[in-house]
Structure formats: structure tokens, C-alpha cells
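Enquirer: This structure is in C-alpha cells; I'll ask about it shortly.
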Amino acid sequence: MERSDKTALNAAPAADFRGNDGSLLSVLRTLLFFTFLMITLPIGLYFGTKSYVFEAALGMSNRDSYFYAAIVAVVAVHIVLALFVYVAWNEGSRQWRDGKQD
């Protein structure tokens with residue numbers, strides 16, 4: 001009888017871990033998405049706005065276009081950070097409502 005109790009106790013944490021595995025995968029997917037966005041969006045916007053918007057369309061000098069393109073990239077970083085905080089906040093509150101607190 002002791003043997004069956006030990007196997008039942010050992011099986012319970014594995015079932016709990018499998019339940020948290022889906023939320024862990026969701027958190028990892030969200031983190032990787034925003035990491036990719038944080039790297040590519042500001043760099044792409046910097047070079048895109050510098051070449052196409054500020055130099056080609058608006059006719060600014062090379063020195064001025066660096067400055068304004070950097071401003072666009074910094075604004076993009078802040079937008080991505082704000083979106084990440086918003087998504088993480090909603091995901092955390094959804095897990096708290098469902099009773100999946102760690």
C-alpha cells in the first residue's frame with residue numbers, strides 16, 4: 001500500500017507540470033515575438049525612414065536625416081515596449097483569473 005501512495009504522489013507534480021507547459025510555451029512565444037520585433041522594427045524603421053522618407057521624399061541632408069531617423073527608431077522602441085507591457089499585463093491577469101498562479 002505504501003508503494004501505491006508513493007507513485008500517486010510522484011505522478012501529481014508531473015501532471016501539474018504538463019498543465020503549466022502550455023502557459024510556459026505561450027510566454028516563451030510571446031517573449032520571442034517581442035524580442036524579434038524589438039530588434040527588427042527600430043533598425044528597419046531607422047534605415048527606411050532615413051533613406052526613403054527624410055532624404056528622398058523630404059530632401060534633407062545626410063546629417064539631418066540621421067537625427068530624425070533616430071527619433072523615429074526611439075519612438076518605435078517605446079511603442080514595442082508599451083505593447084509588450086500591455087500583452088504581459090493581460091496575460092498575467094488572465095492566468096490569475098483562471099487560478100494558474102505560480
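The values are calculated or read from the model by the stated rules, or taken from the named source; none is laboratory data. Computed from a prediction, not measured in an experiment: that's the story for all the values here. Heads up, the Cβs are rebuilt from the backbone with ideal geometry, glycines too, and the neighbour counts pull from every protein chain shown. In case anyone asks, the SASA skips ligands and DNA or RNA and just uses the protein heavy atoms, side chains included. Shrake-Rupley method; radii C 1.70, N 1.55, O 1.52, S 1.80 Å.
Enquirer: Here are VAL27, VAL80, VAL74: which of them is open to solvent by 50 Å² or more (accessible area, probe 1.4 Å) and either at pLDDT 95 or above or of a type in the set (Phe, Trp, Tyr) (or both)?
Expert: After ruling out the rest, the residue left standing is VAL74.
Enquirer: Does region 40-60 contain any residue that is closer than 18 Å to PHE84 by Cβ and either in contact (Cβ under 8 Å) with a residue 60 or more places away in the chain or under 13 Å from the mean Cα position of the chain (by Cα) (or both)?
Expert: Yes, the conditions are met somewhere in region 40-60.
Enquirer: I've got another one for you. Which of (1) at pLDDT below 95; (2) open to solvent by less than 60 Å² (accessible area, probe 1.4 Å) is the odd one out, the single condition LYS50 does not satisfy?
Expert: Going through the list (1) at pLDDT below 95; (2) open to solvent by less than 60 Å² (accessible area, probe 1.4 Å), LYS50 breaks only (1).
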